[in-house]
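Student: Please read through the structure below; I'll follow up with questions.
Values quoted throughout were computed directly from the atomic coordinates according to the rules given, and no laboratory measurement underlies them. Bear in mind the structure is a predicted one, so any value in this text is a computation, not a measurement. All Cβ positions, even for glycine, are placed from backbone atoms using ideal geometry, and neighbour counts span all protein chains on display.
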Amino acid sequence: MQSNHLKNLIELNLSIVLISSAGVLVRYIELDPVLISFWRGGLAVLILGVFSYFNKASFKINDKKDRKRLLLSSLFFSAHWITYFYALQISSVAIGMLSLFTFPAITTLIEPLYFKTKFNKRHLLLASIVLIGLYIMAPEIDFSNNATKGIASGVLSALLYSLRNLTMKSNSKKYDSSILMFYQFLFVAIVFSPFLVTSDTSKTFSFFPYLLILSLFTTAMGHTIFIRSFKNFNVSTASIIASSQPVFGILLGFIFLNEIPKYPTVIGGIIILSTVFIESFSSKNT
């Protein structure tokens, strides 16, 4: 039992490391966010489609309510991507990721309302600690600059991401996570495909290797493993543990983009990581 919990935690944290690489890649890829969304979703569909086919996974979503739930979660997911990519491109890896990671606190507040359950006091406390960490890491608010616009777009993306995760939870218990993500990425690719005609695609070939990395590791593998974690953890637990993503993302930004985090960023990151360790330990008993 204990070994299974450790295995589940390792898988969840692996997904977090993979997903956190999106910040650096999106900042580096000089394409319109709608084009990045299309290629990220389109390539991930091909990867997961081949994987699921050879693993003989069923592509059927039998229940009508499940199909509606999948469609709604895909809509939230598409909107989350575009707002997140916009936040990253107009600000920085740190600002984009930190503003997005208000989503554990948002999830903690709306999950009991969503599923009509009681509020978990531990989750509320940990969400508050996360917000303190984010507050310390965040720059001064000024509505005349791109940093503030990035924060606003990132927080909106956080709300959309929370709604997507909560909407996906019921389906994650019934269907293979790779199949659920296949349909979500397919939806994203279809929604953003018209922008291939209206946007500048001249740099696509130059950045294609990075789009492939973004699709294979960050997207297909990272999100599939993360959705699978909902079978073993509630959404609030997974979201709070996922709060370590900005720390990993900022570290990758320093290594690959030479974006050097300031002292408050380091302190805030330590505070955020403390909630991850607390929830990782506490979730074993829930």
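Student: With only Lys, Arg, Asp and Glu charged, each at its Cβ (+1 for the first two, -1 for the last two), find how big the charge dipole of region 2-285 is about the Cα centre; round to the nearest 20 debye.
Tutor: It comes to approximately 1240 debye.
Student: Out of every Cα pair in region 1-72, what percent are spaced more than 19 Å from each other?
Tutor: 64 percent
Student: Can you tell me the relative contact order of the chain? Whole percent, Cα pairs under 8 Å, sequence separation 6 or more.
Tutor: 38 percent
Student: Give me 27, 69 ranked fewest to most by other Cβ atoms within 10 Å of their Cβ, as a rough exposure proxy.
Tutor: Lowest to highest Cβ neighbour count: 69, 27.
Student: While we're here: Binning at 10 angstrom from zero up to the longest distance, how are the C-alpha pair distances of region 37-92 distributed in percent?
Tutor: P(r) for region 37-92, in whole percents per bin: 19, 35, 34, 11, 1.
Student: Would you mind getting me the FRET efficiency between residue 50 and residue 206? Use the beta-carbon distance for r and R0 = 25 Å, nearest 0.05.
Tutor: Approximately 0.45, to the nearest 0.05.
Student: Taking the alpha-carbon distance from residue 60 and a cut-off under 18 Å, which lysines remain once sequence neighbours fewer than 8 residues away in the same chain are dropped?
Tutor: Answer for residue 60, where 18 Å is the Cα cut-off: 68, 169, 173, 174, listed by chain and number.
Student: Compare the Cα positions of 83, 57, 147 along the charge dipole of the chain (+1 at Cβ of Lys, Arg; -1 at Cβ of Asp, Glu; about the Cα centre) and return the one farthest towards the positive end.
Tutor: The residue sitting most towards the positive pole is 57.
Student: Could you check the simple spin-label distance between residue 213 and residue 197, using points 7 Å along Cα→Cβ, in nm with one decimal?
Tutor: Here the modelled spin labels are 3.4 nm apart.
Student: So, one more: Suppose the chain between residue 270 and residue 174 were pulled fully straight at 0.36 nm per residue; how much longer would it get relative to their current alpha carbon spacing?
Tutor: Computed gain between residue 270 and residue 174 is 30.9 nm.
Student: Using the Kirkwood formula over every pair of different C-alpha atoms, what hydrodynamic radius in Å results for region 2-285?
Tutor: Radius from the Kirkwood sum: 18.9 Å.
Student: Follow-up question, since we're still on this one. Can you grab the distance from the C-alpha centre of region 40-56 to the C-alpha centre of region 76-114, Å, no decimals?
Tutor: Here the answer is 26 Å between Cα centres.
Student: Where q = 0.15, 0.25 Å⁻¹, what log10 of I(q)/I(0) comes from the Debye formula for region 129-181, counting one point per Cα?
Tutor: -0.61, -0.96
Student: Give me D for region 1-155 in µm² s⁻¹, whole number, from Stokes-Einstein with Rh from the Kirkwood sum over alpha-carbon pairs, 37 °C and 0.692 mPa s.
Tutor: The diffusion coefficient I find is 180 µm²/s.
Student: Quick one: length gained pulling residue 67 to residue 131 fully straight, 0.36 nm per residue minus the C-alpha distance?
Tutor: Net length gain for the segment: 19.6 nm.
Student: Restricted to Cα positions, what overall size does region 129-286 have along the principal axes? Three whole-Å values, descending.
Tutor: 45, 45, 29
Student: Averaging over all projection directions, find the projected area of the Cα convex hull of region 81-135 and quote it in nm² with one decimal place.
Tutor: 4.2 nm²
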